[in-house]
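Since the structure comes first, as C-alpha coordinates, the remarks are kept for the end.
The values are calculated or read from the model by the stated rules, or taken from the named source; none is laboratory data. Everything numeric in this text was worked out from a predicted model, so none of it was measured. Counting neighbours? That spans all protein chains shown, and the Cβs are built from the backbone with ideal geometry, glycine included.
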Ligand code: HGY
Ligand code: MN
Ligand code: MN
(Lines give C-alpha, C1' and ligand atoms only; values in the text may rest on other atoms or scores of the structure.)
(Ligands and ions follow the chains in the order given, each with its own letter.)
Protein backbone atom coordinates (compact mmCIF):
# COMPACT_ATOMS: atom_id res chain seq x y z
CA UNK A 1 0.00 0.00 0.00
CA UNK A 2 3.03 2.20 0.38
CA UNK A 3 2.65 3.76 -3.05
CA UNK A 4 -0.82 5.01 -2.15
CA UNK A 5 -0.19 6.35 1.35
CA UNK A 6 0.48 9.94 0.21
CA UNK A 7 -2.79 10.08 -1.75
CA UNK A 8 -4.51 8.45 1.23
CA UNK A 9 -3.26 11.13 3.60
CA UNK A 10 -4.41 13.78 1.09
CA UNK A 11 -7.88 12.18 1.00
CA UNK A 12 -8.12 12.39 4.80
CA UNK A 13 -6.88 16.00 4.83
CA UNK A 14 -9.50 16.93 2.21
CA UNK A 15 -12.32 15.25 4.16
CA UNK A 16 -11.31 17.28 7.20
CA UNK A 17 -11.16 20.45 5.07
CA UNK A 18 -14.71 19.83 3.85
CA UNK A 19 -15.80 19.22 7.45
CA UNK A 20 -15.19 22.93 8.10
CA UNK A 21 -18.38 23.72 6.19
CA UNK A 22 -21.08 23.35 8.83
CA UNK A 23 -24.33 24.93 10.00
CA UNK A 24 -23.16 24.69 13.62
CA UNK A 25 -19.74 26.08 14.58
CA UNK A 26 -17.83 23.48 16.61
CA UNK A 27 -19.86 20.55 15.24
CA UNK A 28 -20.25 19.05 11.75
CA UNK A 29 -23.85 19.46 10.59
CA UNK A 30 -24.65 19.93 6.88
CA UNK A 31 -28.22 19.23 5.79
CA UNK A 32 -29.89 19.40 2.38
CA UNK A 33 -28.77 22.53 0.44
CA UNK A 34 -27.97 24.46 3.61
CA UNK A 35 -25.67 27.49 3.10
CA UNK A 36 -22.42 25.66 4.03
CA UNK A 37 -23.09 23.29 1.11
CA UNK A 38 -21.95 26.16 -1.15
CA UNK A 39 -18.48 26.04 0.38
CA UNK A 40 -18.30 22.30 -0.15
CA UNK A 41 -19.35 22.72 -3.79
CA UNK A 42 -16.76 25.46 -4.36
CA UNK A 43 -13.86 23.45 -2.95
CA UNK A 44 -14.87 20.22 -4.69
CA UNK A 45 -15.33 22.10 -7.99
CA UNK A 46 -11.76 23.42 -7.73
CA UNK A 47 -10.44 19.93 -7.03
CA UNK A 48 -12.60 18.41 -9.79
CA UNK A 49 -11.32 20.95 -12.35
CA UNK A 50 -7.68 20.38 -11.33
CA UNK A 51 -8.27 16.66 -11.87
CA UNK A 52 -9.48 17.36 -15.41
CA UNK A 53 -13.20 16.95 -14.70
CA UNK A 54 -15.96 19.32 -15.75
CA UNK A 55 -18.06 20.18 -12.68
CA UNK A 56 -21.79 20.97 -12.67
CA UNK A 57 -24.54 21.20 -10.06
CA UNK A 58 -27.83 19.60 -11.09
CA UNK A 59 -31.33 20.73 -10.08
CA UNK A 60 -31.29 18.54 -6.96
CA UNK A 61 -28.05 20.15 -5.80
CA UNK A 62 -25.93 17.10 -6.67
CA UNK A 63 -22.41 18.21 -7.57
CA UNK A 64 -21.04 16.17 -10.48
CA UNK A 65 -17.54 15.98 -11.97
CA UNK A 66 -17.43 14.60 -15.52
CA UNK A 67 -14.37 13.02 -17.18
CA UNK A 68 -15.07 12.21 -20.84
CA UNK A 69 -14.15 8.79 -22.22
CA UNK A 70 -12.03 8.32 -25.33
CA UNK A 71 -14.81 7.42 -27.72
CA UNK A 72 -17.81 9.57 -28.73
CA UNK A 73 -20.93 8.76 -26.64
CA UNK A 74 -18.94 6.46 -24.33
CA UNK A 75 -20.99 5.00 -21.49
CA UNK A 76 -20.49 6.30 -17.97
CA UNK A 77 -19.00 4.68 -14.89
CA UNK A 78 -20.26 6.50 -11.78
CA UNK A 79 -18.28 6.86 -8.56
CA UNK A 80 -19.59 8.77 -5.60
CA UNK A 81 -21.48 9.14 -2.34
CA UNK A 82 -23.24 11.91 -0.39
CA UNK A 83 -21.94 15.20 1.03
CA UNK A 84 -24.66 15.97 3.54
CA UNK A 85 -24.29 14.83 7.15
CA UNK A 86 -26.28 13.90 10.24
CA UNK A 87 -26.31 16.30 13.22
CA UNK A 88 -22.95 16.51 15.04
CA UNK A 89 -21.48 14.14 12.47
CA UNK A 90 -18.09 12.68 11.78
CA UNK A 91 -15.92 13.90 8.90
CA UNK A 92 -16.03 10.81 6.69
CA UNK A 93 -19.59 9.43 6.31
CA UNK A 94 -20.39 10.07 2.64
CA UNK A 95 -17.68 12.62 1.92
CA UNK A 96 -14.94 9.98 1.94
CA UNK A 97 -16.57 8.24 -1.05
CA UNK A 98 -16.52 11.44 -3.09
CA UNK A 99 -12.96 12.46 -2.18
CA UNK A 100 -11.62 8.94 -2.71
CA UNK A 101 -13.26 8.83 -6.15
CA UNK A 102 -11.63 12.18 -6.94
CA UNK A 103 -8.23 10.75 -5.94
CA UNK A 104 -8.73 7.81 -8.33
CA UNK A 105 -9.54 10.20 -11.19
CA UNK A 106 -6.53 12.35 -10.30
CA UNK A 107 -4.35 9.25 -10.44
CA UNK A 108 -5.57 8.51 -13.99
CA UNK A 109 -4.01 11.77 -15.18
CA UNK A 110 -4.75 12.16 -18.89
CA UNK A 111 -4.97 8.42 -19.56
CA UNK A 112 -7.78 7.85 -22.10
CA UNK A 113 -10.40 5.30 -20.98
CA UNK A 114 -13.02 3.55 -23.14
CA UNK A 115 -15.70 4.92 -20.81
CA UNK A 116 -16.50 8.24 -19.19
CA UNK A 117 -16.37 8.68 -15.44
CA UNK A 118 -18.71 10.91 -13.47
CA UNK A 119 -18.10 11.54 -9.77
CA UNK A 120 -21.44 12.12 -8.01
CA UNK A 121 -21.55 14.13 -4.77
CA UNK A 122 -25.16 13.57 -3.74
CA UNK A 123 -26.82 16.55 -2.06
CA UNK A 124 -28.77 14.62 0.56
CA UNK A 125 -28.76 11.01 1.78
CA UNK A 126 -29.34 11.22 5.52
CA UNK A 127 -32.91 12.54 5.61
CA UNK A 128 -32.18 14.98 8.45
CA UNK A 129 -33.86 18.14 7.13
CA UNK A 130 -37.03 16.65 5.60
CA UNK A 131 -37.29 13.33 7.45
CA UNK A 132 -37.00 11.43 4.16
CA UNK A 133 -33.55 10.31 2.94
CA UNK A 134 -31.94 9.92 -0.50
CA UNK A 135 -33.22 13.15 -2.10
CA UNK A 136 -30.06 13.53 -4.23
CA UNK A 137 -29.78 9.97 -5.52
CA UNK A 138 -33.56 9.73 -6.05
CA UNK A 139 -33.28 12.75 -8.35
CA UNK A 140 -30.56 10.95 -10.32
CA UNK A 141 -32.85 7.98 -11.02
CA UNK A 142 -36.01 10.04 -11.55
CA UNK A 143 -37.88 9.02 -8.39
CA UNK A 144 -37.84 12.42 -6.68
CA UNK A 145 -41.62 12.64 -6.90
CA UNK A 146 -44.13 15.45 -6.30
CA UNK A 147 -44.97 14.15 -2.83
CA UNK A 148 -41.32 14.37 -1.75
CA UNK A 149 -40.86 17.80 -3.39
CA UNK A 150 -43.78 19.03 -1.25
CA UNK A 151 -42.38 17.64 2.03
CA UNK A 152 -41.86 20.40 4.56
CA UNK A 153 -39.02 20.95 7.00
CA UNK A 154 -39.41 22.29 10.56
CA UNK A 155 -39.62 25.85 9.18
CA UNK A 156 -42.38 24.94 6.71
CA UNK A 157 -40.05 25.13 3.70
CA UNK A 158 -40.62 22.46 1.06
CA UNK A 159 -37.91 20.51 -0.77
CA UNK A 160 -38.78 22.57 -3.87
CA UNK A 161 -38.37 25.79 -1.84
CA UNK A 162 -34.96 24.59 -0.63
CA UNK A 163 -33.91 23.93 -4.23
CA UNK A 164 -35.04 27.41 -5.27
CA UNK A 165 -33.44 29.06 -2.21
CA UNK A 166 -30.15 27.50 -3.29
CA UNK A 167 -30.53 29.22 -6.67
CA UNK A 168 -31.57 26.08 -8.55
CA UNK A 169 -34.72 25.31 -10.54
CA UNK A 170 -36.86 22.26 -9.66
CA UNK A 171 -38.05 22.40 -13.29
CA UNK A 172 -34.56 21.17 -14.24
CA UNK A 173 -34.90 17.92 -12.31
CA UNK A 174 -35.39 15.79 -15.46
CA UNK A 175 -31.83 16.78 -16.46
CA UNK A 176 -30.52 15.36 -13.18
CA UNK A 177 -31.50 11.85 -14.27
CA UNK A 178 -28.56 9.66 -15.32
CA UNK A 179 -28.54 8.99 -19.09
CA UNK A 180 -29.67 5.52 -20.23
CA UNK A 181 -27.37 2.45 -20.10
CA UNK A 182 -25.12 3.56 -17.25
CA UNK A 183 -22.13 1.20 -16.94
CA UNK A 184 -21.98 0.94 -13.16
CA UNK A 185 -22.04 2.80 -9.87
CA UNK A 186 -19.31 2.16 -7.31
CA UNK A 187 -19.52 3.70 -3.82
CA UNK A 188 -16.68 3.70 -1.32
CA UNK A 189 -17.98 4.24 2.22
CA UNK A 190 -16.94 3.72 5.83
CA UNK A 191 -18.55 0.61 7.30
CA UNK A 192 -19.95 2.57 10.23
CA UNK A 193 -20.00 -0.59 12.34
CA UNK A 194 -17.69 -3.02 14.21
CA UNK A 195 -17.42 -5.95 11.77
CA UNK A 196 -14.22 -5.19 9.84
CA UNK A 197 -12.37 -4.05 12.94
CA UNK A 198 -13.34 -7.25 14.81
CA UNK A 199 -12.05 -9.31 11.85
CA UNK A 200 -8.90 -7.21 11.49
CA UNK A 201 -9.73 -6.61 7.81
CA UNK A 202 -9.32 -3.20 6.10
CA UNK A 203 -12.01 -3.52 3.40
CA UNK A 204 -15.43 -5.15 3.05
CA UNK A 205 -17.26 -6.02 -0.19
CA UNK A 206 -20.96 -5.29 0.26
CA UNK A 207 -23.29 -7.99 -1.12
CA UNK A 208 -26.52 -6.34 -0.02
CA UNK A 209 -27.94 -3.46 2.00
CA UNK A 210 -30.56 -4.19 4.62
CA UNK A 211 -34.01 -2.65 4.26
CA UNK A 212 -35.22 0.20 6.42
CA UNK A 213 -38.53 1.64 7.58
CA UNK A 214 -38.81 5.18 8.91
CA UNK A 215 -41.93 6.45 10.68
CA UNK A 216 -42.94 9.65 12.46
CA UNK A 217 -45.24 9.39 15.51
CA UNK A 218 -47.12 11.92 17.60
CA UNK A 219 -48.51 10.83 20.98
CA UNK A 220 -51.16 13.41 21.98
CA UNK A 221 -52.51 13.77 25.53
CA UNK A 222 -53.53 16.78 27.57
CA UNK A 223 -51.33 19.42 29.15
CA UNK A 224 -52.25 20.01 32.80
CA UNK A 225 -50.91 21.26 36.10
CA UNK A 226 -48.20 19.01 37.58
CA UNK A 227 -49.27 19.82 41.15
CA UNK A 228 -53.01 19.79 41.04
CA UNK A 229 -53.76 16.98 38.56
CA UNK A 230 -54.21 13.60 40.31
CA UNK A 231 -52.38 10.73 38.57
CA UNK A 232 -55.61 8.92 37.65
CA UNK A 233 -56.91 12.03 35.85
CA UNK A 234 -53.91 12.50 33.59
CA UNK A 235 -53.52 11.97 29.85
CA UNK A 236 -49.73 12.11 29.95
CA UNK A 237 -48.30 11.86 26.40
CA UNK A 238 -44.75 11.31 27.64
CA UNK A 239 -45.64 8.47 29.99
CA UNK A 240 -47.40 6.74 27.08
CA UNK A 241 -44.57 7.36 24.63
CA UNK A 242 -41.97 6.18 27.13
CA UNK A 243 -43.88 2.92 27.66
CA UNK A 244 -43.87 2.44 23.87
CA UNK A 245 -40.11 3.15 23.53
CA UNK A 246 -39.36 0.50 26.14
CA UNK A 247 -41.49 -1.90 24.08
CA UNK A 248 -39.56 -0.97 20.89
CA UNK A 249 -36.28 -1.98 22.54
CA UNK A 250 -37.77 -5.22 23.91
CA UNK A 251 -39.14 -6.15 20.46
CA UNK A 252 -35.78 -5.48 18.77
CA UNK A 253 -33.83 -7.44 21.39
CA UNK A 254 -36.24 -10.36 21.01
CA UNK A 255 -35.97 -10.48 17.19
CA UNK A 256 -32.58 -11.76 15.93
CA UNK A 257 -30.72 -9.19 13.78
CA UNK A 258 -33.54 -6.64 14.00
CA UNK A 259 -32.48 -3.06 14.75
CA UNK A 260 -35.04 -0.53 15.96
CA UNK A 261 -34.19 3.01 17.02
CA UNK A 262 -36.13 5.96 18.37
CA UNK A 263 -33.67 8.73 17.52
CA UNK A 264 -35.93 11.77 17.81
CA UNK A 265 -38.10 12.35 20.85
CA UNK A 266 -39.49 15.82 21.43
CA UNK A 267 -41.68 16.54 24.48
CA UNK A 268 -44.10 19.46 24.30
CA UNK A 269 -44.62 21.94 25.93
CA UNK A 270 -41.48 20.76 27.77
CA UNK A 271 -41.95 22.57 31.12
CA UNK A 272 -41.12 20.71 34.33
CA UNK A 273 -44.42 21.63 35.99
CA UNK A 274 -46.71 20.75 33.06
CA UNK A 275 -48.04 17.27 32.32
CA UNK A 276 -46.71 16.63 28.77
CA UNK A 277 -49.27 17.37 26.08
CA UNK A 278 -47.54 15.67 23.15
CA UNK A 279 -44.45 13.74 22.09
CA UNK A 280 -43.08 13.78 18.54
CA UNK A 281 -40.99 10.65 17.99
CA UNK A 282 -39.20 8.93 15.10
CA UNK A 283 -38.89 5.19 14.47
CA UNK A 284 -36.17 3.53 12.39
CA UNK A 285 -36.47 -0.24 11.88
CA UNK A 286 -34.02 -2.33 9.87
CA UNK A 287 -33.57 -5.97 8.93
CA UNK A 288 -32.02 -7.94 6.05
CA UNK A 289 -35.40 -9.63 5.42
CA UNK A 290 -38.23 -7.30 4.42
CA UNK A 291 -41.00 -9.52 5.81
CA UNK A 292 -39.43 -9.52 9.29
CA UNK A 293 -38.87 -5.75 9.16
CA UNK A 294 -42.45 -5.05 8.02
CA UNK A 295 -43.91 -7.48 10.59
CA UNK A 296 -42.00 -5.70 13.37
CA UNK A 297 -43.15 -2.27 12.22
CA UNK A 298 -46.73 -3.56 12.24
CA UNK A 299 -46.45 -4.93 15.78
CA UNK A 300 -44.79 -1.74 17.03
CA UNK A 301 -47.71 0.20 15.57
CA UNK A 302 -50.25 -2.02 17.31
CA UNK A 303 -48.36 -1.65 20.63
CA UNK A 304 -48.61 2.12 20.23
CA UNK A 305 -52.35 1.85 19.47
CA UNK A 306 -52.97 -0.34 22.55
CA UNK A 307 -51.05 2.09 24.78
CA UNK A 308 -52.90 5.20 23.57
CA UNK A 309 -56.22 3.37 23.86
CA UNK A 310 -55.56 2.41 27.49
CA UNK A 311 -54.24 5.87 28.43
CA UNK A 312 -56.87 7.94 26.59
CA UNK A 313 -54.24 9.43 24.27
CA UNK A 314 -54.30 9.95 20.51
CA UNK A 315 -51.75 8.59 18.04
CA UNK A 316 -50.62 10.01 14.72
CA UNK A 317 -48.51 7.49 12.76
CA UNK A 318 -46.88 8.68 9.49
CA UNK A 319 -44.83 6.60 7.05
CA UNK A 320 -41.67 8.36 5.91
CA UNK A 321 -39.78 5.54 4.22
CA UNK A 322 -40.18 1.88 3.30
CA UNK A 323 -36.89 1.01 1.59
CA UNK A 324 -36.63 -2.69 0.64
CA UNK A 325 -33.43 -4.65 1.29
CA UNK A 326 -31.29 -4.30 -1.82
CA UNK A 327 -28.89 -6.86 -3.29
CA UNK A 328 -25.94 -5.27 -5.13
CA UNK A 329 -24.77 -6.38 -8.55
CA UNK A 330 -23.10 -9.83 -8.37
CA UNK A 331 -20.98 -9.30 -11.51
CA UNK A 332 -19.69 -5.97 -10.28
CA UNK A 333 -19.18 -7.36 -6.81
CA UNK A 334 -17.06 -10.22 -8.14
CA UNK A 335 -15.05 -7.71 -10.23
CA UNK A 336 -14.53 -5.79 -7.00
CA UNK A 337 -13.42 -9.01 -5.29
CA UNK A 338 -10.88 -9.56 -8.09
CA UNK A 339 -9.58 -6.03 -7.58
CA UNK A 340 -9.22 -6.60 -3.82
CA UNK A 341 -7.27 -9.81 -4.47
CA UNK A 342 -5.01 -8.18 -7.07
CA UNK A 343 -4.32 -5.40 -4.58
CA UNK A 344 -3.05 -8.18 -2.31
CA UNK A 345 -5.76 -7.62 0.29
CA UNK A 346 -7.97 -10.05 2.27
CA UNK A 347 -11.48 -10.51 0.83
CA UNK A 348 -14.50 -10.18 3.13
CA UNK A 349 -18.10 -10.09 1.92
CA UNK A 350 -20.74 -8.53 4.12
CA UNK A 351 -24.20 -7.02 4.43
CA UNK A 352 -24.60 -3.30 5.09
CA UNK A 353 -26.65 -2.33 8.15
CA UNK A 354 -26.52 1.29 7.04
CA UNK A 355 -28.54 2.62 4.13
CA UNK A 356 -26.66 4.07 1.17
CA UNK A 357 -27.26 5.84 -2.12
CA UNK A 358 -26.21 2.59 -3.83
CA UNK A 359 -29.59 1.11 -2.79
CA UNK A 360 -31.38 3.83 -4.74
CA UNK A 361 -29.21 3.43 -7.83
CA UNK A 362 -29.09 -0.40 -7.77
CA UNK A 363 -32.50 -0.96 -9.46
CA UNK A 364 -31.41 1.40 -12.27
CA UNK A 365 -27.67 0.79 -12.63
CA UNK A 366 -25.39 -2.14 -11.68
CA UNK A 367 -24.09 -1.00 -8.28
CA UNK A 368 -21.39 -2.10 -5.87
CA UNK A 369 -19.93 -0.85 -2.60
CA UNK A 370 -16.61 -1.18 -0.86
CA UNK A 371 -16.44 -0.53 2.88
CA UNK A 372 -13.47 0.82 4.78
CA UNK A 373 -12.96 -0.29 8.40
CA UNK A 374 -14.44 2.03 11.05
CA UNK A 375 -12.04 2.23 14.01
CA UNK A 376 -14.05 1.59 17.19
CA UNK A 377 -17.04 0.78 14.99
CA UNK A 378 -18.02 4.40 15.52
CA UNK A 379 -20.03 6.58 13.13
CA UNK A 380 -22.65 9.34 13.05
CA UNK A 381 -20.67 11.22 15.69
CA UNK A 382 -17.40 13.22 15.88
CA UNK A 383 -15.22 10.20 16.84
CA UNK A 384 -15.88 8.65 13.41
CA UNK A 385 -12.55 8.16 11.62
CA UNK A 386 -10.57 6.09 9.09
CA UNK A 387 -7.03 4.70 9.02
CA UNK A 388 -4.68 6.10 6.35
CA UNK A 389 -3.54 2.58 5.49
CA UNK A 390 -7.16 1.54 4.89
CA UNK A 391 -7.73 4.52 2.60
CA UNK A 392 -4.53 3.49 0.77
CA UNK A 393 -5.92 -0.06 0.49
CA UNK A 394 -9.19 1.29 -0.94
CA UNK A 395 -7.30 3.41 -3.47
CA UNK A 396 -5.20 0.42 -4.53
CA UNK A 397 -8.35 -1.63 -4.93
CA UNK A 398 -10.15 1.18 -6.78
CA UNK A 399 -7.25 1.53 -9.18
CA UNK A 400 -7.23 -2.22 -9.86
CA UNK A 401 -11.00 -2.03 -10.40
CA UNK A 402 -10.61 0.74 -13.00
CA UNK A 403 -7.92 -1.29 -14.79
CA UNK A 404 -10.32 -4.27 -14.90
CA UNK A 405 -13.14 -1.99 -16.06
CA UNK A 406 -10.89 -0.81 -18.89
CA UNK A 407 -10.68 -4.39 -20.16
CA UNK A 408 -14.30 -5.19 -19.31
CA UNK A 409 -15.82 -2.16 -21.02
CA UNK A 410 -13.32 -1.65 -23.87
O1 LIG B 1 -29.04 5.97 8.22
C2 LIG B 1 -28.28 5.38 7.48
O3 LIG B 1 -28.31 4.19 7.38
C4 LIG B 1 -27.27 6.14 6.66
O5 LIG B 1 -26.22 6.53 7.47
N6 LIG B 1 -27.88 7.23 6.02
MN1 MN C 1 -24.95 8.34 7.50
MN1 MN D 1 -23.46 7.60 4.51
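General observations
- Taken over the stretch 110-135, residues that are outside any strand (DSSP E or B) and either within 14 Å of ligand 1 (Cβ to nearest atom) or in contact (Cβ under 8 Å) with a residue 12 or more places away in the chain (or both) amount to 18.
- Some residue of the stretch 88-104 being assigned to a loop (DSSP other than H, G, I, E, B), surrounded by fewer than 24 Cβ atoms within 10 Å (Cβ to Cβ) and assigned by TED's automatic domain parsing to the domain that holds residue 364: yes
- Counting only helices (runs of 4 or more DSSP H) that sit completely within the stretch 285-388, those holding 3 or more residues that are within 30 Å of residue 240 (Cα to Cα) and in contact (Cβ under 8 Å) with a residue 24 or more places away in the chain correspond to 290-311.
- For the stretch 338-352, the criterion of a residue being farther than 28 Å from residue 7 by Cα and away from ligand 1 (no atom under 15 Å from the Cβ) is satisfied by no position.
- Condition check for residue 149: under 22 Å from residue 366 (Cα atoms) and either assigned by TED's automatic domain parsing to the domain that holds residue 333 or more than 16 Å from ligand 1 (Cβ to nearest atom) (or both): no
Per-residue answers, yes or no, for (1) within 30 Å of residue 350 (Cα to Cα); (2) within 29 Å of the chain's Cα centre (by Cα); (3) loosely packed, with under 15 Cβ neighbours inside 10 Å; (4) not assigned by TED's automatic domain parsing to the domain that holds residue 126:
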site	(1), (2), (3), (4)
240	no, no, no, yes
248	yes, yes, no, yes
252	yes, yes, no, yes
257	yes, yes, yes, yes
263	yes, yes, yes, yes
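- Conditions (1) away from ligand 3 (no atom under 14 Å from the Cβ); (2) touching a helix residue (DSSP H, G or I) at 6+ places or on another chain (Cβ under 8 Å): number failed by residue 70: (2)
- Qualifying positions in the stretch 343-376 - closer than 16 Å to residue 329 by Cα, within 16 Å of ligand 2 (Cβ to nearest atom) and surrounded by fewer than 21 Cβ atoms within 10 Å (Cβ to Cβ): none
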